[in-house]
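Reviewing the structure listed below.
The values are calculated or read from the model by the stated rules, or taken from the named source; none is laboratory data. All values reported here derive from a predicted model rather than from experimental measurement. Note that each Cβ is placed from the backbone with ideal geometry, even for glycine, and that neighbours are counted across all protein chains shown.
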Amino acid sequence: MERFEILLSRAVRALAAVAAAALLVTACQAPSPAVETPAADTAAADSTFDPEARLAELGITLPGQGAPIANYVNAVRTGNLLFLAGKGPSLPDGGYVTGKIPTDLAIEDGYEAARLTAIQHISVLKSELGDLRRVRRIVKVTGMVNSAPDFTAQPSVINGYSDLMVAVFGDRGRHARAAVGMASLPMGMVVEVDVVVEVE
């Protein structure tokens with residue numbers, strides 16, 4: 001009788017161990033509770049993304065694009081990247097804002113000239129894409145400033161370009177950038193900028 005009770009006790013313990021193992025396996029295999037995540041910020045932004053409406057709010061009318069002045073084109077597309085040729089601060093009479101900073105013009109004048117240059121590039125994008133909502137990202141900006149040898153505030157000048165791109169395209173307008181000084185620029189322009197843009 002005593003032997004039977006010992007065997008029964010061992011059997012009960014074995015069954016309990018099997019049951020515990022089964023519960024552990026089931027717990028491990030159970031799917032994790034779904035975590036509800038908020039909609040991506042970009043999705044919310046896309047629903048209101050309208051660069052041309054922003055241009056209107058800013059009181060900006062895009063100029064027309066004439067033919068390049070030399071043997072090149074305004075833009076070249078490869079894949080989803082659009083490489084825009086260098087542009088300068090064009091004036092309505094066909095001339096440019098010219099001079100050297102700070103010898104001839106103040107930093108504030110250069111800032112406005114860089115802003116004019118951004119308007120020229122947005123006009124090229126409009127001409128190439130038809131719809132500015134097809135801009136996915138302003139990727140890389142290279143800004144060149146006609147500078148005196150001891151002038152070192154080129155980034156403050158090219159901010160005129162960058163600030164407008166962000167104002168028009170929002171987060172899509174935030175870009176990598178270089179701002180460098182030049183001994184001279186074509187036709188005496190105070191700034192010249194080229195840009196790479198990701199598009200749809």
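How many residues, within the stretch 155-200, are farther than 16 Å from residue 97 by Cα and assigned to a helix (DSSP H, G or I)?
Total satisfying the criteria: 15.
I need the full set of residues from the stretch 101-120 which are touching a residue at least 60 places away in the same chain (Cβ under 8 Å) and hydrophobic (A, V, I, L, M, F, W, C), in order please.
Within the stretch 101-120, 101, 105, 113, 114, 118 qualify.
Condition check: in contact with a Phe, Trp or Tyr (Cβ under 9 Å, 6 or more places away or on another chain) and either among the charged types (D, E, K, R) or crowded, with 17+ Cβ neighbours inside 10 Å (or both). Does residue 143 satisfy that?
yes
If a residue must be within 18 Å of residue 87 (Cα to Cα) and surrounded by 14 or more Cβ atoms within 10 Å (Cβ to Cβ), how many such residues does the stretch 169-185 contain?
Selection size over the stretch 169-185: 7.
Could you go through the stretch 140-161 and let me know if any residue there is of a type in the set (Ser, Thr, Tyr), within 17 Å of residue 62 (Cα to Cα) and in the same structural domain as residue 97 (by TED's automatic domain parsing).
For the stretch 140-161, residues of a type in the set (Ser, Thr, Tyr), within 17 Å of residue 62 (Cα to Cα) and in the same structural domain as residue 97 (by TED's automatic domain parsing): present.
Return only the number of the condition from (1) among the hydrophobic types (A, V, I, L, M, F, W, C); (2) loosely packed, with under 12 Cβ neighbours inside 10 Å; (3) closer than 17 Å to residue 142 by Cβ that residue 83 does not satisfy.
Condition (2) is where residue 83 drops out.
Just checking, how many residues over the stretch 26-79 are surrounded by 10 or more Cβ atoms within 10 Å (Cβ to Cβ) and modelled with pLDDT under 55?
The total comes to 3.
Which numbered condition trips up residue 134, out of (1) surrounded by 20 or more Cβ atoms within 10 Å (Cβ to Cβ); (2) within 17 Å of residue 84 (Cα to Cα); (3) not polar (S, T, N, Q)?
(1)
Does residue 131 count as among the acidic types (Asp, Glu) and over 22 Å from residue 197 (Cβ atoms)?
Spelling it out, it is not the case that residue 131 is among the acidic types (Asp, Glu) and over 22 Å from residue 197 (Cβ atoms).
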